[in-house]
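Structure first, commentary second.
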Amino acid sequence: MSSHISTGVRRPYLVWLVPVLWTLSLGMWGLSRQNSVWRDEAATWQVAERSPGEIWHLLGNVDAVHGLYYLLMHLLFEVFGASTTTLRLPSVLAVAVAAGCVALIGRRLAGPWAGLGGGLTLGLLPAVQFQLQEGRSYALIAGGAGLSTLLLVSLIAGTGAGDGAGPGRRILPRWTAYGALVLVCALLNWFSLLILPAHAVTLWWARARRGVVAPWLLASAAAVAGALPLILFSRTQSGQVSWIPPLTWHMMIGPGVLLAVGALGAWADRLSGPRTGLPARLTAASVGLPLLAVPLLGLAAASLVQPLFLDRYVLFSMLGLALLIGAALGAAVRALAPRYPRASGALVPAVVAVSAVALLPVALADRSPASRVDDVLAVAGEVSVLKRDGDAVLFVPAARRDTALVSPGAFTGLKDIALSRGPAESGTLKGEEADPARISAALREQRRVLLVTDSGKAAKPSGSPADRAKAAVLRAEFTVVEDRQVRGRRVTVYERRG
């Protein structure tokens, strides 16, 4: 068996094909998460169902940073219909592309076993497993980062890229593609531009010649210029990230562990020596370590000015970690091969298998509804059971209206008495509610009210005047007759006293 594996890994297409298929299988496993959708994905869902004009109206007020992603998801919802599969499949495909890119980079820089090991590792990393089935843009950016890094490596290693004569006919399209990929990723989320300083460190480490550095500067500048209007405009909506806590030392423990693992991988890659046919300093370490470290440290530095540290913003840095782990596995195979050829051929499959089993609890947890703070579909199901035609419905806070936007059928026959302008009409995610006096007056005319809010640890005290008015009237004039909590959300039924 080991000899068969050793022969198969020398077939170039298997080095990237096996990781792609492996990642696709991980992504398709439990894709619906027991038919659950949490609040971040609900934002994607409800915006994707709006018209392009309504999406454009929304972006003028909130979420401009996600504009391109919302338009892409609108197109997919139009073509394939709204479902958890349509919502999450783009992320699965993107991470599979990223895994293939890691495998190809690893194979070129550190050998076939390094490529295979790195590609298989990517889908197992806990941060990647979480985003692998997430209806947001971060996995798509990881796919774009993988493609742009693969292009950069090929341009540094190419015979015509470093001779100082400038890009030729075959080189120019690749630099254009590189700049376009960086720009598209920036339009999906401009934190992805942190890949540029990572690539700059790679160019410096590899001692790339002017024939590579000059076109890289041009392509990078073009990408930044293209994204600059979005960056400047989205800064006017910075209140959307005001909930992110300030950076603390304990928040850096996880990234510190990842950097330590990456450094060990880089050390192992260095011990194995350079690959023939490549610039001496172009190694898995010179590509993977900057890709891992620079985005993480750059986001941490930016968070000292304004709290922004969320690891999903730099999910693409995990490609660097996977590449370095693959390089370490490749180095181990080369060290074992002279004395234990059969064992060396089985090393990478064995390590991946053991890692998959060890991380099985993480994988199962990420594929359960409990892995997210709430479930908008579950609470909609409770509403459909508890409601009666003519009942009123209230949402506290107003953002919990997302459950009605994602599952409008469950709320048919209910009166949203607090809403004055709908989300699409107002260009918002949650709509505009009436002033507290009007809400109180409307509430006093009701006999039965369903309140949709948070439950458990997700519940927070109501801060807005409108929410305080809702609570005051319910407390003074209504009695609770039913109360159900499900997956981070809560539905309470109130009836008027007497």
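Below is a table of values for the structure above.
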{"read-out": "The chain, helix-only ellipticity at 222 nm - DSSP H runs n ≥ 4, -39,500 (n - 2.57), divided by all residues, nearest 500", "value": "-19500 deg cm²/dmol"}
{"read-out": "Size of charge dipole - the stretch 148-273 - debye, nearest 20, with Cβ of Lys, Arg +1 and Asp, Glu -1, no other charges", "value": "320 debye"}
{"read-out": "The chain, dipole about Cα centre (Lys/Arg Cβ +1, Asp/Glu Cβ -1), debye to the nearest 20", "value": "1300 debye"}
{"read-out": "Carbon + sulfur, % of accessible area of the chain - ligands and nucleic acids excluded, 1.4 Å", "value": "65 percent"}
{"read-out": "Overall form of the stretch 322-362 per C-alpha gyration tensor (a/c, 1.5; a/b vs b/c)", "value": "oblate"}
{"read-out": "Kirkwood Rh and Cα Rg combined as Rg/Rh, the chain", "value": "1.04"}
{"read-out": "Cβ-placed point charges (K, R +1; D, E -1), dipole of the stretch 302-418 about Cα centre in debye, nearest 20", "value": "580 debye"}
{"read-out": "For the stretch 27-44 and the stretch 89-120, distance of Cα centres in Å", "value": "25 Å"}
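The values are calculated or read from the model by the stated rules, or taken from the named source; none is laboratory data. The model shown is predicted, which means the values in this text are computed figures rather than measured ones. Methodologically, a virtual Cβ is constructed for each residue, glycine included, from the backbone with ideal geometry; neighbour enumeration extends over all protein chains shown. What goes into the accessible areas is simple: the full protein's heavy atoms, side chains included, and nothing from ligands, DNA or RNA. Shrake-Rupley method; radii C 1.70, N 1.55, O 1.52, S 1.80 Å.
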